[in-house]
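The values are calculated or read from the model by the stated rules, or taken from the named source; none is laboratory data. As the structure is a computational prediction, the values presented were derived from the model and not from experiment. Positions of Cβ are generated from backbone atoms using ideal geometry, with glycine treated the same way; all protein chains shown enter the neighbour counts. Heads up: the accessible areas ignore ligands, DNA and RNA and are worked out on the full protein's heavy atoms, side chains in. Shrake-Rupley method; radii C 1.70, N 1.55, O 1.52, S 1.80 Å.
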Amino acid sequence: ETGVTQTPRHLVMGMTNKKSLKCEQHLGHNAMYWYKQSAKKPLELMFVYSLEERVENNSVPSRFSPECPNSSHLFLHLHTLQPEDSALYLCASSQQGGGYTFGSGTRLTVV
Amino acid sequence: GESVGLHLPTLSVQEGDNSIINCAYSNSASDYFIWYKQESGKGPQFIIDIRSNMDKRQGQRVTVLLNKTVKHLSLQIAATQPGDSAVYFCAETPDEKLTFGTGTRLTIIP
């Protein structure tokens, strides 16, 4: 375990479904991130939360909606996704000036 | 635009030999660099980092070399083992938001 826990590990959802991904960190870090990892592409930064405030939204479609209720928890709410949204969604946390600690990811398949 | 990239997408190494994975970066303002290892079904795991005021840093069986003149980063793994099979990513940042390369897949030949 890295100290960053993501659930569920696998998710299959229809294009009309609404689901949420959850991330929890036990490291006392003050920043949390959502990344998308697709085959043969670099990790794509989606959202950054620092001290529970969203500080970056990298032109992500509105069908992805993040939520950070406190410094230990991060959610990614999913609604009316497309098949091309199928990917590994990774959560990470960091403390200012340090590297990122990643969770194991949620493998999302949109059917 | 700025980019971080890897010279080779795949690398095969005989077990017991040393591995060298290379990375080129283009953002001259980057001052912090990290190597990550990602095994199948897992998220990226931190291996080693280096700041721009250093040109070499050693860990357990791993060494990172930084050449700021040519914007080049390398990861050396000594006495490669089967458990080293994974995709290796370099990442850079000038401002605490990491930019990742596409990764190099390292395969260990028994």
Sulfur and carbon atoms: percent of accessible area, chain A [1.4 Å]: 48 percent
Most mobile listed residue (A:GLU56, A:GLU44, A:GLU84) in chain A, GNM with C-alpha springs under 10 Å: A:GLU84
Extension reserve of the A:VAL55-A:GLU84 stretch, reckoned as 0.36 nm per residue once the Cα distance is removed: 7.9 nm
Rounded to 5, the percent of DSSP beta bridges in the protein assembly as shown classed as antiparallel: 90 percent
Interface area, A with B, accessible, probe 1.4 Å, both sides summed, Å² nearest 100: 1400 Å²
Residue-averaged beta-carbon neighbours from other chains (10 angstrom radius) around B:28-38: 2
Percent carbon-and-sulfur accessible area, chain B, ignoring ligands, DNA and RNA, probe 1.4 Å: 46 percent
Relative contact order computed over chain B (Cα-Cα under 8 Å; 6+ residues apart), in percent: 38 percent
Karplus-derived HN-Hα couplings along segment B:18-31 (A = 6.51, B = -1.76, C = 1.60, θ = phi - 60°), whole Hz, x at Gly and Pro: 8, 10, 10, 10, 10, 8, 10, 10, 10, 8, 5, 7, 5, 10
Antiparallel bridge percentage (DSSP; both residues within segment A:25-73; nearest 5): 100 percent
Average accessible area per residue (Å²) across the protein assembly as shown - probe 1.4 Å, nucleic acids and ligands excluded: 49 Å²
Charge tally in the Cβ shell below 10 Å around B:THR80, where Lys, Arg are +1 and Asp, Glu are -1, B:THR80 excluded: -2
Of all DSSP beta bridges in chain A, antiparallel share, percent nearest 5: 90 percent
Gaussian network model of chain A, Cα within-10 Å springs - most flexible of A:LEU90, A:LEU11, A:LEU74: A:LEU11
Complex-versus-alone comparison for segment A:59-107, residues with a loss of 50 Å² or more in accessible area, probe 1.4 Å: A:GLY97, A:TYR100, A:PHE102
